[in-house]
Structures are given as C-alpha cells and as structure tokens.
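Inspection log for the structure reproduced underneath, given as structure tokens.
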Amino acid sequence: MSMEPSWVVTCDPGWSMEEEAAAWRSDDRISFQTSLPSQSDSIQLQVVEYAAPDTAAHDICSETVQVFEEVTQVFNDNYLVIMKDKMHKFPPSLGDVPDWWKVSATVAIGPYYHGTPGLLEAEQVKHSAANQCIRDSPVASLQEMYNAVFDVLPDALNLYYQDELAKFCHDDLLPMMFIDACFLVQFMRWYGLPDGAMHEALESYFSANYERICTDIMMLQNQIPWLVVKTIFRFMPPAPSSSCCHWERFVIAMRRGLGNQVDPGGNIDVDPEYNPPHVLGLIWHYTVQNNNHHDDDDDKDDDDKDDNNNNDQENKQKPLSISVAKLAAIGITLVSTRNEWNAGLMSMRLKRTSWCIFVLGDLEVQPLYLSDGNAAWLVNMAAFELCKTQDFQSDHVHDRDSAVCSYLHLFAMLLDQKQDVHELQKEHVIKGGGLTSKMTLEFFASIGKSMRPGTFYLHKIKRIEKFRNERSRLLTFILFLKRKRAKVMALISIIAAVVGILSSLQALKPH
C-alpha cells in the first residue's frame, strides 16, 4: 500500500488556524492519494480529500491523522493478522538463490506466474483435470462446485498481494482458482488411485512430469489458498483405502521423497487443529512437526535451570558458527538419525555417549539428500518460514517455526570446502542426491549469507557450547593428540632419529 501526499500541511507549534483561515481560498484542498483494497478484491485508487476550513473551529490536523490511522489499520491487517496464511513472495534475504530453485518451470498455480511463457501447455491439462473432477464427483454438478469456490473466493483473494491481482480482470480470477484447485486435487488423487481410474492422457501427463510438478507446487510464489483446494476435495469420492485420505497419502509420499525413499509406506498423525495456508504449508507442517519425532536431548532437563541461571557464564554471548573440525575438537561426531524422515526435522538432537571414562557426543541430524528437487523444496520451505515468522526470537515463536531454516543453517555452517562435504558423506550425513560437491557448496553459500538463523539452530549451538565447557581437560588433550596424530608421530620419529644419532656419536667418542 502506498500513500502519496499531493500537499503536505505541517502543524507547527506556533501555527494559528485563525490567521491562516483568512488567507485560504475556497478551492484550496488537502488530499491524500492512497491505494486500498476494495470490496471487489482489486486495487482501487482512492483520493481522500478535505476542503479548506471555513472557520477556525475546523481541525485539519485531526482529520489528516484519521487518514493515516485508517491506512495503518489496513497495513496492520495485511502484514500481521494474515501473515501466516498469506500467499507470500520470495523474501529478499534469499535473493541469491538461483531462479531454477524458486521459479515454476512446468505449471503455474495461482496468479503470480499465470500466463508466463513456457507454462501454457499445462493450462490444457488443468481443464482436463477440471473435467475429471466433474466426472468423479458423485454428489455435485459443475455449477455446484463452481458456486462453492465462488463462496470462498473473497477470503482467498484477500491473501494475495493486491498489486498482483490488479493485473487481472476480476472475472478471470474465479475460473483461475477453480481450475488450479482441480489440477492440484487430481494430482494428489492420482498418486493413490489404481491405474485406469483416471483419463489416460491425464495419467500419462502426471506420470511423465511427476518430479517437476512436485517441485513446482512447492514453490512459495506458486500457491493458491488451501481453503479453495479443500472446497474441491469435499466433492471427491473417498480414497480406495479407508486408512487415510488422498492428501494424506500425498503428504507421506512427498515427505519420503525428501529422504530419497521410494517405498510409499509410513503414516502421519493428522493434526486436526492445523489449517494449512497452501500445499507448501501442508508439506512443511508434516515434514517439520510429526508426533513421532524425538527432540529430547540428553541435557534437556537442564534447560530450565539454564534459563533461570543469570550468572555471567550463562549470559555471555554464544558463538553462532560451527564446523566439522570444531565439533571433532570437542568430542562431538555428526551422525544421521536412525528413523530417517519419518521423524521429521525436529529429530535433530545432541546425544551423550560414553568412551572409557570420558563422555563424548553424537549430534544426530536428518541425512541430507540434495537433489535439484529437494534443494528447491527445502529452500522454499525455509522462505515460507522467513515470511510467516518475522522474529524467530519472539516469546510466542516455537522451535518448529524455524526448523527448516535451522536445518539448512547448520549445513551452511558445516560446509566450508569440498573436504567437509566428503567428510559428511563418509559419515552418511550427506547421501547421494544428484548435486556435486561444488554445487552443494554453492547452494549453501547462496542461502547461508543472509538467512536468519532459527531458534532451533541457536538452541543446539547453546547445548554444544555447554558440552564444550563441561568436557575434561584430559579429554581435550587426548582429542588434540588424536587430531594431530600424524604430526605428533612425525615429531616423535624426528626426536627418535635425533636421539639415535646423538647416541651413535656418543659411542664413537674415544674413551
């Protein structure tokens, strides 16, 4: 929203309304031009104009303040109240991310990429998907489905940036939302339907373009509100399996895809209180927060004590960066979690282990499968977190609200050079996914420079720092010798050689 004053009047302390009123002509005006969303969900230019005061009693400043307050209220509603549900644009902090990880390449969902060259073939597919929805619905006609989408359209359009909607005729937005929702519904249903249950050409298109469609519908700027998709789902027959509905099976498949797992097994614990803003938000929720996860660090019981301890040791600034070498230096090894992606990203934890009389640590993280598709999914989920949560450090923000940012930030800190990638590959923390070591480093360099570190990441750093402070001096010395064993052995060899030479020279001396 913009406010462009055509004439600004200041209220100085010495300004006298009685003196100025006589000098004003009758056609003098104070006007403020504002762009406000109208009831038709499109941008309308509104000029708020006030006539010059005819009497000294007219308080022009108070009326001007009222204009500011009205515009501020609209800004507040759009920036705070609906921020978690809004159809966001890609955040500037991730501007270095290449376009192929944030721009749709096959199908446009919603208005942001609608009409983009190269995406027009999918428009015919969308109409075929809409026809499939009409055929499959056992209870509703086209008109009933269309009317249902029309009923939720005002709420859906209110979630977009209004300047983007202004590019379209209002009459074009309803059919756009309808056919886009039908496309998403049929794509999610296709995964769980038996062969032949859908039109052959539509099945063939989904099968041939499955991976690219999955990537495109995970783009932050390529979304439509979930309430529109849910409206179409209401008219569809239930899934052949009574164990879960179509979107649940799709979420399971997408989540396992992040772990490079083909087997469609597994399940999710449906959260009845969660209303996703869009498909990306739906996948994010069940990737990050799954009730099967375990985020119980061994030192979790000490957290409350740490929070209440205000001594200097706890108040000092914690380091925000780590590396593979630094972790090894304090006795912490990076290992992959056993439960794979069924546990969700919140399964990252620091686990204490015993070695002789010493206590070491295992930092368990989800293994990283960094294919082109997975890179796009992760960076768009991180962008979603950055947009919906303005301050990760706020008291009402939970660790899960920054889980993807924390996960990516961890790897961005760990990977400085190709050798680091190779080390994590040997530990099976990074597994084959399609990107080379150089491409992996470039990916994390593009997102790690400006991305806000999440609270989940900061909490793990705090626990690592606590572990470092509690380790014994003897363990520190042993770990030092272990890291420098090659140089130590070389030094010992040199000393032994020098001692041998000196002994030989001593033996040659005449008695």
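None of the figures in this text is laboratory data; all of them are computed from the coordinates on show. What you see is a predicted model; the values in this text were computed from it and never measured.
Observations
- Listed residue pairs exceeding 32 Å between alpha carbons, taken from Lys230/Lys438; Lys418/Lys462; Lys426/Lys462; Lys351/Lys449; Lys89/Lys460; Lys230/Lys431: Lys230/Lys438; Lys230/Lys431
- Amide proton proximity set for Ile224, modelled H, under 5 Å, gap of 5+: Val279
- Under the shape rule built on the C-alpha gyration tensor, where the axes satisfy a ≥ b ≥ c, region 423-472 is oblate, since a/c reaches at least 1.5 while a/b does not exceed b/c.
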